[in-house]
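Reviewing the structure listed below.
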Amino acid sequence: MIKHFLLLTFALLSCCAPIHPRKQQAWTQQLESEIAELGAYNWILVTESAYPAPGRPEAHTVTSPYKLPQTLDYVLQTIESSGHIRPRIYLTLEFDELSDSYAPGIENHRVQLTKSLNERATQSLSARSLESTLRCSKNGNRILVVKSQTALPYTSIYIELESGYWDGESETALRNKER
């Protein structure tokens, strides 16, 4: 009986153990390396765990050991600290329509996601529109898929990358000046 109790206690403690530091370091190093190579017009998708791996040679996948809000927070901090790119963040319209009665845990996820977004501007489009945009994006543009451990529908975040040092307003002003 004591032997069974000890085995059960060990099993419970094992499942609650923190993520191994090397595993944590490996995914962040891989993510930082991938982001350093990305530029304007590339995409980063921070996805739920069932998101399919893209079947394109210019797509790469990194798996995070964390839930989506924590993963997104790290991805956005890495993008913003890079200096060469900035994020344009898209959420799915379907995500706004979900409640705990359809997807248990979605309301808590929404609260955590709001904290991770930290008042950054977002836009909402249907999941189909976002996927269609990805398929139609210029060939050769890279897509980085960062899979999280979240298992909730329509929670994937789509990030279109723009130049971090030049924006659309500056481009328009330059073009108007040339005329």
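The values are calculated or read from the model by the stated rules, or taken from the named source; none is laboratory data. As the structure is a computational prediction, the values presented were derived from the model and not from experiment. Glycine gets a Cβ as well: all are built from the backbone with ideal geometry, and neighbour counts include every protein chain shown.
Selection of the stretch 94-121 for residues being surrounded by 11 or more Cβ atoms within 10 Å (Cβ to Cβ), among the polar types (S, T, N, Q) and free of Cβ contacts under 8 Å to residues at least 12 places away in the same chain yields N108, T114.
Of the residues in the stretch 56-65, none is part of a helix (DSSP H, G or I), β-branched (V, I, T) and touching a Leu at 6+ places or on another chain (Cβ under 8 Å).
Taking the criterion of being charged (D, E, K, R) and more than 16 Å from D73 (Cα to Cα), the residues of the stretch 34-57 that qualify are E34, E37, R56.
Taking the condition in a loop (DSSP other than H, G, I, E, B), within 16 Å of the chain's Cα centre (by Cα) and modelled with pLDDT under 95, does P18 pass? It is false that P18 is in a loop (DSSP other than H, G, I, E, B), within 16 Å of the chain's Cα centre (by Cα) and modelled with pLDDT under 95.
Checked against (1) assigned to a helix (DSSP H, G or I); (2) acidic (D, E); (3) touching an Asp or Glu at 6+ places or on another chain (Cβ under 7 Å), D100 passes all but a single condition, namely (1). I'd like the full set of residues that are in contact (Cβ under 8 Å) with a residue 40 or more places away in the chain and among the hydroxyl-bearing types (S, T, Y), limited to the stretch 133-173. Correct list: S137, S148, T150, Y154, T155, S156, Y158, S163, Y165. Of all residues in the stretch 119-174, those being over 16 Å from the mean Cα position of the chain (by Cα), part of a helix (DSSP H, G or I) and among the charged types (D, E, K, R) number 4. Kindly check whether there is at least one residue in the stretch 104-112 that is farther than 29 Å from G168 by Cα and either modelled with pLDDT under 95 or outside any helix (DSSP H, G or I) (or both). The answer is yes, given that some residue of the stretch 104-112 is farther than 29 Å from G168 by Cα and either modelled with pLDDT under 95 or outside any helix (DSSP H, G or I) (or both). For the residues Y74, Y90, Y51, the requirement of being assigned to a loop (DSSP other than H, G, I, E, B) and either in contact (Cβ under 8 Å) with a residue 24 or more places away in the chain or charged (D, E, K, R) (or both) singles out Y51.
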